[in-house]
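Structure, as structure tokens:
Readers should treat all values here as calculations from the given coordinates under stated rules, not as data from a laboratory. Remember, it's a predicted structure, so these values are computed and weren't measured experimentally. So basically every Cβ, Gly included, is an ideal-geometry build from the backbone, and we count neighbours across all protein chains shown.
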Amino acid sequence: MVRVERISHWIAGVEFTGAGARGGPVFNPATGEQTAEVLFADAADIDAAVDVAEEAAVSWSETSLARRTELLFKMRALLDERSGEIARLITRDHGKVLADAIGEVARGLENVDFACGIASHLAGRYSEQASSALDVYSFRQPLGVVAGITPFNFPAMVPLWMCANAIACGNAFILKPSEKDPHAPMHIAALLAEAGIPDGVFNVINGDKTAVDHLLEHPAIRAVSFVGSTPVARNVYQEAARTGKRVQALGGAKNHLVVLPDADIDQAADAAVSAAFGSAGERCMAISVVVAVGASPEPLIGGIAKRLFELRIGNGLDPDSEMGPLITDEHRHRVASYLESASAQGAHVVVDGREHPLAKGPGFFLGASLIDEVTPEMDCYRDEIFGPILSVVHAADLDEAIGLLNASPWGNGAAIFTRDGRAARRFQHEVQVGMVGVNVPIPVPVGYFSFGGWKQSLFGDMHIYGLDGIHFYTRPKVVTSRWPAPAAGGLDFRFPKHE
Ligand code: NAD
């Protein structure tokens, strides 16, 4: 029998095996081999992590902004220096090509960059002489212990979206990463310890629904950030609210790229293929639908199909590969089933990824697929496929295209390709999504803005990262202050009125 590596948890600055008796397999999706077994935390393991985090949060919140900033800069430098190691772990567990994994770490680091400015982000407001000899000022304080639950498709970036700000604000953070690719988050935990982040301030609990359910129930956890699929996001939002926690829950997506007839068709085809098939379509900001506007969409569809036949698919560690495998064999079969249903429901499969030679191999590969003549009632349009399949829907004009997008229950991102500024301006104004791209197919905002969708793509009030993140992980306190002269005073039963 081949012995596989065992991955445990990370609590109080060290690996922690815990009491949980269950675990799950971690695969190398490029070969189909199991490379590790990850332990699944039980309630006692979570309790242990929360106890440690509660204690760490007390001293960490008292640590000066100067010291916290110094440690964040060290964390940033170390993550940057070792980004190649993190990226290789991502590729090994997830399958995405190495250049993409390097990009993921870089985008995650943007959030640490932002968090390094914590002293300025947390600066309060002060109104002197708001009333006679009375000052009013406000500042924000950390919550205590906060938790992050993250998806498989960005095992480094999404944890960094959350933990950089959470820690910078003075909280202790418990990460429950995806059980499908735990190597990168565990490595990040070790690097944060090496950078000097105090033990217990950043902890990792591996596991599945059992771990999530217990995190949601635990009274000491004050806030939960979740990123994953819509059904789980909705449930996390409801449960966290029921137990009185602050919650932001980002869900799935179905992002449309609208191509107007005046667009540069080669640029639009390049953008559609890059944004739909990068990371094998396993991105919440992947383009999964092209809306071809106008009477002559053939050059666009032909241009996309031509590029798909030339796409180099292979192991993500091979520098020649442009697209890697899917995360699991089960997911590959689920994704492929949409080609079957699309044909049965009357769409035209222009390029069929099941015919790619690697699609039958032991690795979890599926070739890139293009489906034309898709309509909104088809399964391939309604569901989030999360794989290398691009659907094409036709629209007569911009009105129809915007109407189609706004009727969708998803609202993460949308993009338009055009040379008409007025059309683009109208699109950005009217489209009901949280992030818009104008001649940019994957409009993931920079770290000092914020990230989040509308409708079923986000449950909660605030976006994640940027100043929204600072507000999410802190609560405001407002002080009304007067220092009266010794002789002043006297009873006054009127409601205080400022004069
Ligand atoms: P997922 O919902 O299956 O899992 C996300 C997390 O929840 C994981 O940590 C997992 O262990 C846990 N989980 C899974 N099932 C659960 C359950 N029944 N109860 C409690 N916890 C559960 O998502 P995934 O497959 O890992 O990731 C892909 C999904 O994430 C896609 O839908 C994608 O669009 C979405 N996503 C969204 C964003 C965004 O910013 N909106 C970003 C990345 C990924």
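Applying 1/(1 + (r/R0)^6) with r as the Cβ-Cβ distance of Glu217 and Thr17 and R0 = 30 angstrom yields a FRET efficiency of 0.85.
Counted residue by residue at 0.36 nm each, then reduced by the alpha carbon distance between them, the extension gain from Arg382 to Ser274 reaches 36.7 nm. Each other residue within a Cβ distance under 10 Å of Val350 adds +1 if Lys or Arg and -1 if Asp or Glu, for a net charge of -3. Calculate how steeply helix 421-430 sits against the longest principal axis of the alpha-carbon atoms of the chain, using the helix alpha-carbon long axis, and give the answer as 0 to 90 degrees to the nearest 10. That helix lies at roughly 60 degrees to the long axis.
Between 0 and 90 degrees, the angle of helix 43-62 with respect to the longest Cα principal axis of the chain falls at about 50 degrees.
Using the Cβ-Cβ distance between Val446 and Glu330 with R0 = 35 Å, the FRET efficiency computed as 1/(1 + (r/R0)^6) comes to roughly 0.50.
In Å, what Kirkwood hydrodynamic radius results for segment 255-438 from the alpha-carbon pair distances? About 16.4 Å, per the Kirkwood formula over Cα pairs. In the chain, Cα pairs under 8 Å separated by at least six residues give a relative contact order of 18 percent. Other residues within the sphere of radius under 13 Å centred on the Cβ of Ile402, judged by their own Cβ, net out at -2 (K and R +1, D and E -1). Extension gain, Ala77-Gln129: 0.36 nm per intervening residue step, less the Cα-Cα distance, totals 14.4 nm. Taken along its principal axes, the alpha carbon cloud of the chain reaches lengths of 87, 64, 39 Å, longest axis first. Near Ala253: Cβ cut-off under 11 Å, other residues only, Lys/Arg at +1 and Asp/Glu at -1. The net charge is +2. Taking 7 Å along the Cα-to-C-beta vector as the label spot, tell me the Ser296-Arg425 distance in nanometres, rounded to one decimal. Distance between the two pseudo-spin positions: 2.8 nm.
Beta bridges from DSSP with both residues in segment 344-499: antiparallel share about 45 percent, rounded to the nearest 5. Are any of the pairs Lys306/Lys455; Lys245/Lys477; Lys306/Lys360 more than 27 Å apart by Cα-Cα distance, and if so, which? The answer is Lys306/Lys455.
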